Every structure is written in C-alpha cells, then in structure tokens.
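Q: Shown below is the structure under consideration.
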Amino acid sequence: MASMDLAMSQEPQPGFTEPVAQSQKAFRAVLEALSRPGLPVACAPFAPAPHGLDLSVAAILLALTDLETPIWIGPGFDGGVSDWLHFHTGAPLVADAGQASFALIQADGACPPLDSFALGSDEGPETGAMLVVQGGRLDTQAAMTWRGPGIRDRVETGSFGLAAAFWRQRHAQEGLFPRGLDLVIGCGALVVGCPRSTRIKLSESA
Amino acid sequence: MTALLDGYNFAFLDEQTKRMIRRALLKAVAIPGYQVPFGSREMPLPYGWGTGGIQVTAAVIGLDDTLKVIDQGADDTTNAVSIRRFFQRMTGVRTTVKTREATLIQTRHRVPETPLREGQILIYQVPIPEPLRWLEPRETETRKMHALSEYGAMHVKLYEDISRHGQVSTAYDYPVLVNGRYLMRSSPIPKFDTPKIHMCAALQLFGAGREKRIFAVPPYTDVRPLDFEDHPFSVESWPTSCALCGSADSFLDEIVLDDQGGRMFVCSDTDYCADRRAAGHAGPATTPAEVTT
Amino acid sequence: MYVAVKGGEAAIENAHRLLAADRRGDPSVPELSVAQIREQMSGAVDRVMTEGSLYDPDLAALALKQARGDQVEAIFLLRAYRTTLPRLAVSAPIETSRMSVHRRISSAFKDVPGGQLLGPTFDYTHRLLDFALLAQAGPMASPAVAGEASRRDLPQVMDLLQAEGLIAVETATKSAAPFDLTREPLTFPAARDARLQNLARADEGFLLALGYSTQRGYGRNHPFVGEIRSGTVSVEITPPELGFAIDIADILVTECQMVNQFAGSKTEKPTFTRGYGLAFGMAERKAMAMALVDRSLRAEELGEDVTAPAQDIEFVLSHSDNVEASGFVQHLKLPHHVDFQAELHLVRRMRAEVGATTAEPVIAEAAQ
C-alpha cells in the first residue's frame, strides 16, 4: 500500500494539501477553542495525520509554527514527528523546554514541571508558551469545574486524559496570571482550549 | 460583483505574516484586555484608516465567512465601502449588510444594535489602544503600569472630572476593566455601546495597525466601565426617537437639516434601522408610503 | 426630507477617475514616462526609495508618477508594495569604505588623503532660476573631469581619527541578527540598530527639523562633518550552497559621519563620538540630518542629560515615520460623527447643568 511505502521511505509525510485554506481553518478552530474554554471544537482540515498524531494536533502545528517559533517535543513521540514538522514549517527544535514558544506533550506521557516552560513576564506575558497536548480524551467523568473568560457561567469537564497532578500544577499557576501557559488539547479531530485565564477547580475525587 | 485581484495572496497578507498575527490573536484571547505587540505591516490603505482591523480580518477570514463592514454604524460610509471592496477583491468572500447574517463584522466606532450571537467575531479598528496614553505618553511607563495593575491615575482622572464637571467628561472611548485585570480602551465607541462589550456572546478582537497592538475580549467576559458608587456609569439617551424607524433605544445620529437650527435624529446603525422599517415600524419623518417601498 | 447617504461605491469610483484625470493634467502636454522621472527627477526618486525602504529606481519613479509627484504618497505606495515581497536572502553589510565615490567631502580637515571631491552638488550654485531650462533640449556641457569623477578605495576620514584613538570605537552589536522593524514591533528602550533603521526610513523633514533643533541649543552636541561620501557600493549575498559572497547589485548611497564632542566622564577620557547617517541615492541633507539625530539619541547611553526632544528616543522614533503620521493625521477626514454626537451630548448636558445654577452667563454665551 502507498501508506506503507511512505512510512518506509525517507520522504517526509505530507502536510497541508491546500496550505492557505487549511491553515486558516485550523487557526479558526484554535481561536474558537481558546475563546470558549472546555468546548470541543472540530479541527480536521486535512487527513491523514502523520506519525500517529491526532488530526487536530498535526493541523495546529502546521498552521501556527514556522521559523520564528522554537518548538520543544516531549517524550513518547514517533521520531519522524520532528523531521516532518521541520520539513513543512521550518520550526527550529529546541532541547530546553524554557526556550520554546510551542511545546508538544503526550496526554498520557511524562511532562516536565509546568514552570519549566516559558511563562512570559508581567510586562510581556505573551511570551508564555502554548502547550499542545497530543492524545487527549473526551471522557465523560467530571473531574473539574472551569470558570473565566469565554465561559458563560462554568463548565464541568473531564481530565482529557491528563493526570490529576498535571491539573494541580496548572491550577497552581493561576496566581501567576498574566504569566502562564495556554493549553490546546488535541482529542482526535477535536480540540479543546484551556487558556491561562481559565480558573480550574478540581473535584474532590480527582 | 468585484473581480478577484490576481497576483496577491488570499486576503492580501502572505502566510508568514498571517501566522504572526494569528499567534498574537491567540495570546490576546488568552490574556483578555492585554495589548499584544505585533509586527504590523504596511497595508495598501493608510495607517489610521483601519489597518489594524484589516490585518486582523485578513488573518481570520476564510472562504466560509460572510463579512460585514461598518463605519459609524453604517455599511455605506465611504471607508466602510472601501474596506469591504478591498476584501471582496482580495478574498471573494460573501459580504452582507445584515448583522445577523455576518460571521465577521469589522467596525469602526460602533457596536451593532442587534445583539451578537455565539460564533460571530466583531473586529474593531483601533486608533490608540493605550487607555493610559493621555495620562502617560511613554510606552515604557504604561507597560509597567499594566504589569502592576497600577490604575490609580485613571481613577484620579475620572474623580477630578466629577469634582470639576459633576460627571465623568468622557463621552466615548470610555475606560473599562477587562476580567478584573486589564484596563482597556473601548476602541473608541460611544459610552452608549460600552455595556455591549460586557458578557457579549461574540468574540471581540481589536487591531491597532499603526500602534502595532492586538487585544481581545473573549465571549462571556466580564468588562466593567470604571465608575464610582456615588457616580455610577450611565449612557446617553435622546429626548426623541429615530425619525425613520421610531426606535427609542438605539444610538442616534444628529442630522443638521438647515442653518435655522433644524435637526432630526436617525439611527446610526443603518441595518438595524432598515430591519425595523421592514418590520413596519415608522418614525415621525417617514410617511407610510416610504415604509413599504 | 433627509435621505441617508448612499452610493458610497459610485462616489469612490468617480473620485478615482477624477484623480486619474488630475494626475494626467492637460492631455495636450505629452505624458511623462517613468524613465524620464527616473532620470530627471532623481532627487525625488532617491527620497522615495530611502523612506520607502526599497532600492528600485523604476518602481520609485512609477510611484511618483502615480502619486502625481506627492512624495509621501509615493513613499506609501512603495512601502505597501514592499511589504508583499518575499525575503529571499540577507545581504552582507555594505562596505562604504570600498565605495566608488562620486562626491566626498570633509569639513573637519582642510585636505584629506584622496582629496576633497566636490562632485555633483547644489552647494555653491547660486539659486537663480535658470530660464534656459524653460526651453527644452538645450545642448548640455559635459563635465570637465568625467573620467576622474569616481574613485575607489578612498580611506574613511573617521578611520584617521580612530587610528589616533580620538574617536570612540564602534563595534557591531553582539546579537547575531540586527533588529528588523519591518518584521517586529519597535519596543523601548530601543537599541542603536533599531534606532538607525527607524531613522533611515524616517521623514526627511522631521529629521531635518530635529537635527536643526540640536544646532540651536535643544540638545547641543557640537557636530562637525567628518565626512560625507556619495557613490556606488556593491551588495553581496552568500548563498549557503556556494559558501562565498557574490555581488548581486550596485547601489548608489550617501553616507554622513558626524564627529561630535564628548566631554568625557570620571572614568573616560574626553573623546569624539560619531553620529551616523545613510540614505539611498544622492541624499546628503537626509544623511546629515539623520547623523545629527542619531548622535543626539545617544545622549542617554553616553551619560548626557536628556533634556531636548531630539534626545528623546521614544518621542523621536514614535513620530518619525511619515506613512504612519500621514495616515493618522489624515484619518481625521473620516467620519467621526458617532463620537462627535456622544461629545455633543455630554457638552450639552454639562452646559444645561451649569445653566441651571448660573443661568445668565450661559444665555449670554449662547447669544454670541
């Protein structure tokens, strides 16, 4: 099969087939997701996604990264991901998570302490990184209550497959606002946003 | 129908520039009311004429969108016509004058009267984004003041207004506090429109091209005008209603009819006014015959 | 009966047609060609290229033609075009010491190695209208020293001072890539690379006035023209696949290096410092004004008191760009009736409240 040949060859797997339109669609999905925290938004402008990435995650990376956005890739990814991304976007890969403007982690994988990522400064909080989560899950079991901008009153969410310890760290960062991390959680062809402005309350059981 | 212009990228900007603006927009949404610096580009329209709003629209717009452009509330003011035509030539997207039909609304100086809904995006053209600019002209200082939430100077200014004039003498561009954290200029819209920013169902994006700043108010975000308990914020009201549609609760433009002091008042929001007339409402200056045409 | 203004699109299109007719002028007069503008209006072309940030004499001439000679409008046209261009390569810094010189003077020394070379200059012309130019196509006297009019490898006057240790040494910034304000927003405090780029694009009139103000005591810094040189330099790029520099263009530039006094401090000996100006084409008024302002903006880093407008980095850099300034000043032509209505509302209400307590003065004023 063609897909086998692709996987075997040295050629990077494909990116967007219509970069202008597909970038715009992926961006609008992230814009919507960060504007409406907790709300799953469709984000699948192209298929198939390469190297085991969620459709949404692949599209977001292609749409938002380039030469000017150092990217850090956490453990647990197919070795082809960084070559694929570099080939299509030119984004420089960095070894120090603190230098990255985009960081990619696995929902069920290891993640360095959240304060090892760039959080921005009080005068320039926009340099805080975007953390892109691969392999998130829309589980039904309520684990948290979110409040804040973009949320009408409050929203009950699951943990999206991320560990309770992760969310506890995320909660602890709320006091740093406007510094902080913006989370974009890929769940297959859907994406969920959790900007730094969202205030999280973990359920007792979590 | 305007022909699509050859030789330019969709929505004029190159993809690299769009990505830069898009990243700034995402940060703006994540930090409501904070002014994100961005590498604003020269546009084929002059700075001060909506280049910030145009760059934001160009970075956001897609073929599925329906665009509405207003200036002073009206779709037919010359600069609104010019900007709408620019996007027709550069994208070929559908345009509309109907607030309800639009997915993107680029505006200067007004928030439409028709309440916005979820999924819509309102894009403001902003001349001077810094709310503290008249109190402190230096960017180096105002950045520190925002970092420290040091907004006492603005309260003092408003209080001085009250002690001098008996009220806050700011009629438009009224300072608001976004999400309890960032002081923001309201674009400049008239005070009348300020409450519409609060808990709006639509996403609100603000672009200042010449000043190279982007900021945002996500949907359902707390946006409060600065005021005092004994001098609460209030908006304009008119002793009359719209001469064309009879609306008593919209922002009215004052039309000077002659040099004898003759005046009439009509809705600034032309789509809202037309909708009302189509629904059979009439004002004192409209004959029933005109309503039906 | 009032009818809301309609037909904006038709009005705009008609305005465009009127403008086109206006630009063409009397059709019985032959139309200007872009080549004529490029060759015979080179001063205008040079300014448009410099402030438009694009070295392209043909496009600058086209912009001037399209803008019917309006310089700021032509600069805007060129900038708006420039912003759509892809960045294919980054050149090495141009080497002005290897300039093929058309003009080169120093006012700090009577003579300098390589000599003073007056070149094509308005200096010492008597500004008398030359009515002979009214008649077209007169015979032109060819320059007396055409063969010698350009020279290469003239030593920089500043290097002579530097050899003696009399002028502060300028070193390249440590960061790998210089700041680029066409891609990043200017932030403050702005380093010298960002300042020089801003000044190079800055409105000539604005810089001229600011530079002049320093001469009149608003931030005085005792300037001497160390050297002005105009001529062609080569632009080189090093493609990664070649690994060596290749010459891709020759461009005409004017460079001005001002020598300014520096009183010294407790730790530093008195020395001279430098103000630097560079512009495309034969543009020495711009280059000189830029050099004066560059030096005055160094006040803070040299430990001088910052007291004058020309020393205020944020003030100067925020207001120097004529595309920004022209746009914002002229945006006042756009309708502002919503804000004005809000203001009218407020003023009437405040007047009514004042009138309620002090009726007479308000009536008296209203009657005026």
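The values are calculated or read from the model by the stated rules, or taken from the named source; none is laboratory data. Fair warning: this is a prediction, and the values are worked out from it, not measured in the lab. Note that each Cβ is placed from the backbone with ideal geometry, even for glycine, and that neighbours are counted across all protein chains shown. Accessible surface is based on the protein model in full, side chains and every heavy atom, while ligands, DNA and RNA are left aside. Shrake-Rupley method; radii C 1.70, N 1.55, O 1.52, S 1.80 Å.
Q: What number of residues within segment A:125-155 are assigned to a strand (DSSP E or B), within 14 Å of chain B (Cβ to nearest Cβ) and free of Cβ contacts under 8 Å to residues at least 60 places away in the same chain? Lay out the reasoning, then the answer.
A: The first filter runs over segment A:125-155 and keeps only residues assigned to a strand (DSSP E or B), leaving A:130-134, A:144-147, A:155.
Pick out the ones that are also within 14 Å of chain B (Cβ to nearest Cβ) and you get A:130-132, A:146-147, A:155.
Those left that are additionally free of Cβ contacts under 8 Å to residues at least 60 places away in the same chain: A:131, A:147.
Of the residues in segment A:125-155, 2 are assigned to a strand (DSSP E or B), within 14 Å of chain B (Cβ to nearest Cβ) and free of Cβ contacts under 8 Å to residues at least 60 places away in the same chain.
Q: Does B:Ala285 qualify as being over 25 Å from the mean Cα position of the chain (by Cα), more than 10 Å from chain C (Cβ to nearest Cβ) and either modelled with pLDDT under 95 or more than 17 Å from B:Gln72 (Cα to Cα) (or both)? Walk me through it before giving the result.
A: Details: over 25 Å from the mean Cα position of the chain (by Cα): yes; more than 10 Å from chain C (Cβ to nearest Cβ): no; either modelled with pLDDT under 95 or more than 17 Å from B:Gln72 (Cα to Cα) (or both): yes.
Judged against the criteria, B:Ala285 is not a match.
Q: Could you please let me know if C:Ala209 is under 19 Å from C:Lys286 (Cβ atoms) and without any contact (Cβ under 8 Å) to a residue 12 or more places away in the chain?
A: On the way: under 19 Å from C:Lys286 (Cβ atoms): yes; without any contact (Cβ under 8 Å) to a residue 12 or more places away in the chain: yes.
Answer is yes for this residue.
Q: What is the residue count in segment A:138-151 for residues that are modelled with pLDDT of 95 or more and either more than 30 Å from B:Ile121 (Cα to Cα) or open to solvent by 20 Å² or more (accessible area, probe 1.4 Å) (or both)?
A: Of the residues in segment A:138-151, 2 are modelled with pLDDT of 95 or more and either more than 30 Å from B:Ile121 (Cα to Cα) or open to solvent by 20 Å² or more (accessible area, probe 1.4 Å) (or both).
Q: Of B:Val36, B:Val93, B:Val29, B:Val56, which residue is of a type in the set (A, V, I, L, M), modelled with pLDDT of 95 or more and more than 19 Å from the chain's Cα centre (by Cα)? Give the steps one after another, and end with the answer.
A: Numbers: B:Val36 fails: more than 19 Å from the chain's Cα centre (by Cα); B:Val29 fails: more than 19 Å from the chain's Cα centre (by Cα); B:Val56 fails: more than 19 Å from the chain's Cα centre (by Cα).
Testing whether each residue is of a type in the set (A, V, I, L, M), modelled with pLDDT of 95 or more and more than 19 Å from the chain's Cα centre (by Cα) leaves just B:Val93.
Q: Something else now. Could you check A:Lys25 against (1) free of Cβ contacts under 8 Å to residues at least 60 places away in the same chain; (2) among the charged types (D, E, K, R); (3) open to solvent by less than 40 Å² (accessible area, probe 1.4 Å) and say which number it fails?
A: If we test A:Lys25 against (1) free of Cβ contacts under 8 Å to residues at least 60 places away in the same chain; (2) among the charged types (D, E, K, R); (3) open to solvent by less than 40 Å² (accessible area, probe 1.4 Å), just (3) comes out false.
Q: So which strands (runs of 3 or more DSSP E) stay within segment A:156-206 end to end and still have 3 or more residues that are over 19 Å from A:Pro112 (Cβ atoms) and out of contact with any Asp or Glu (no Cβ under 6 Å at 6 or more places or on another chain)?
A: Where strands (runs of 3 or more DSSP E) fall fully within segment A:156-206 and carry at least 3 residues being over 19 Å from A:Pro112 (Cβ atoms) and out of contact with any Asp or Glu (no Cβ under 6 Å at 6 or more places or on another chain), they are A:190-194, A:199-202.
Q: Consider segment B:101-113. How many of its residues are of a type outside the set (Gly, Ala, Ser), open to solvent by less than 10 Å² (accessible area, probe 1.4 Å) and closer than 26 Å to A:Ala29 by Cβ?
A: Number satisfying all stated conditions: 6.
Q: Something else about it: Within segment A:181-206, how many residues are under 14 Å from the mean Cα position of the chain (by Cα) and of a type outside the set (D, E, K, R)? Outline the logic, then answer.
A: To start, the set of residues in segment A:181-206 that are under 14 Å from the mean Cα position of the chain (by Cα) comprises A:181-196.
From what's left, of a type outside the set (D, E, K, R): A:181, A:183-195.
Total satisfying the criteria: 14.
Q: Kindly list the number of the only condition in (1) touching a residue at least 12 places away in the same chain (Cβ under 8 Å); (2) surrounded by fewer than 20 Cβ atoms within 10 Å (Cβ to Cβ); (3) assigned to a loop (DSSP other than H, G, I, E, B) that fails for A:Ala47.
A: The number of the failed condition is (1).
Q: Going by what's in this entry, would C:Ser318 be described as open to solvent by less than 30 Å² (accessible area, probe 1.4 Å) and among the small types (Gly, Ala, Ser)? Give the steps one after another, and end with the answer.
A: Values: open to solvent by less than 30 Å² (accessible area, probe 1.4 Å): no; among the small types (Gly, Ala, Ser): yes.
Against the criterion (open to solvent by less than 30 Å² (accessible area, probe 1.4 Å) and among the small types (Gly, Ala, Ser)), C:Ser318 does not qualify.
Q: Looking only at segment A:103-124, which residues are facing chain B (nearest Cβ under 9 Å) and either open to solvent by 40 Å² or more (accessible area, probe 1.4 Å) or touching a strand residue (DSSP E or B) at 6+ places or on another chain (Cβ under 9 Å) (or both)? Please lay out each step first, then the result.
A: Step one: filter segment A:103-124 for residues facing chain B (nearest Cβ under 9 Å), giving A:120-124.
Selection gives A:Ser121, A:Asp122, A:Glu123, A:Gly124.
Q: Might you check whether a residue that is within 16 Å of the chain's Cα centre (by Cα), open to solvent by 40 Å² or more (accessible area, probe 1.4 Å) and not hydroxyl-bearing (Ser, Thr, Tyr) occurs anywhere in segment C:285-301?
A: Checked against the condition, which is being within 16 Å of the chain's Cα centre (by Cα), open to solvent by 40 Å² or more (accessible area, probe 1.4 Å) and not hydroxyl-bearing (Ser, Thr, Tyr), segment C:285-301 yields at least one hit.
Q: So, one more: Can you tell me which residue among B:Leu183, B:Leu203 is in contact with a helix residue (DSSP H, G or I) (Cβ under 7 Å, 6 or more places away or on another chain), closer than 27 Å to B:Gly39 by Cβ and within 8 Å of another protein chain (Cβ to nearest Cβ)? It would help to see each step written out before you state the result.
A: Details: B:Leu183 fails: within 8 Å of another protein chain (Cβ to nearest Cβ).
It is B:Leu203.
Q: Facing chain B (nearest Cβ under 8 Å), more than 30 Å from B:Val168 (Cα to Cα) and of a type in the set (D, E, K, R): does that describe C:Glu314?
A: Numbers: facing chain B (nearest Cβ under 8 Å): yes; more than 30 Å from B:Val168 (Cα to Cα): yes; of a type in the set (D, E, K, R): yes.
In short, yes.
Q: Name the single residue that is nearest to A:Gly161 (Cα to Cα) among those in segment A:56-73 being open to solvent by 10 Å² or more (accessible area, probe 1.4 Å) and away from chain B (no Cβ under 12 Å). Break it down stepwise before answering.
A: Step one: filter segment A:56-73 for residues open to solvent by 10 Å² or more (accessible area, probe 1.4 Å), giving A:62, A:67-68, A:70, A:72-73.
Subsequent filtering for residues that are away from chain B (no Cβ under 12 Å) retains A:70, A:72-73.
Values: A:Pro70: 26, A:Trp72: 21, A:Ile73: 18 Å.
Per the stated criteria, the residue is A:Ile73.
Q: Still on this structure: Output the residues belonging to segment C:313-342 that are in a helix (DSSP H, G or I) and touching a strand residue (DSSP E or B) at 6+ places or on another chain (Cβ under 7 Å).
A: Going residue by residue through segment C:313-342, those that are in a helix (DSSP H, G or I) are C:313-319, C:322-333, C:337-342.
Selection gives C:His337, C:Val338, C:Asp339, C:Gln341, C:Ala342.
Q: Count, please, the residues in segment C:289-335 that happen to be over 21 Å from B:Glu42 (Cβ atoms) and in contact with a Gly (Cβ under 6 Å, 6 or more places away or on another chain). Reasoning before the result, please.
A: In the first step, residues of segment C:289-335 are kept if they are over 21 Å from B:Glu42 (Cβ atoms); the result is C:289, C:291-315, C:335.
Still in the running and in contact with a Gly (Cβ under 6 Å, 6 or more places away or on another chain): C:289, C:291-296, C:308, C:310-311.
Of the residues in segment C:289-335, 10 are over 21 Å from B:Glu42 (Cβ atoms) and in contact with a Gly (Cβ under 6 Å, 6 or more places away or on another chain).
Q: Can you tell me which residue in segment B:238-256 is nearest to B:Asp269 (Cα to Cα), limited to those that are part of a loop (DSSP other than H, G, I, E, B) and within 9 Å of another protein chain (Cβ to nearest Cβ)?
A: Going residue by residue through segment B:238-256, those that are part of a loop (DSSP other than H, G, I, E, B) are B:238-251.
The next check asks that each one be within 9 Å of another protein chain (Cβ to nearest Cβ); those that pass are B:238, B:243-244, B:251.
On the way: B:Trp238: 15, B:Ala243: 13, B:Leu244: 12, B:Phe251: 7 Å.
Here the residue is B:Phe251.
Q: Here is a further query. Does segment B:211-225 contain any residue that is closer than 12 Å to B:Gly33 by Cβ, more than 16 Å from the chain's Cα centre (by Cα) and facing another protein chain (nearest Cβ under 9 Å)? Full working, then the answer.
A: Filtering segment B:211-225 for residues closer than 12 Å to B:Gly33 by Cβ gives B:213-218, B:221-224.
Then drop every residue that is not more than 16 Å from the chain's Cα centre (by Cα), which leaves B:221-222, B:224.
This time we only want the ones that are facing another protein chain (nearest Cβ under 9 Å), so: B:221-222.
The answer is yes; a qualifying residue exists.
Q: Looking at (1) at pLDDT below 95; (2) open to solvent by less than 50 Å² (accessible area, probe 1.4 Å), can you tell me which one B:Tyr272 breaks?
A: Here B:Tyr272 meets the rest and fails (1).
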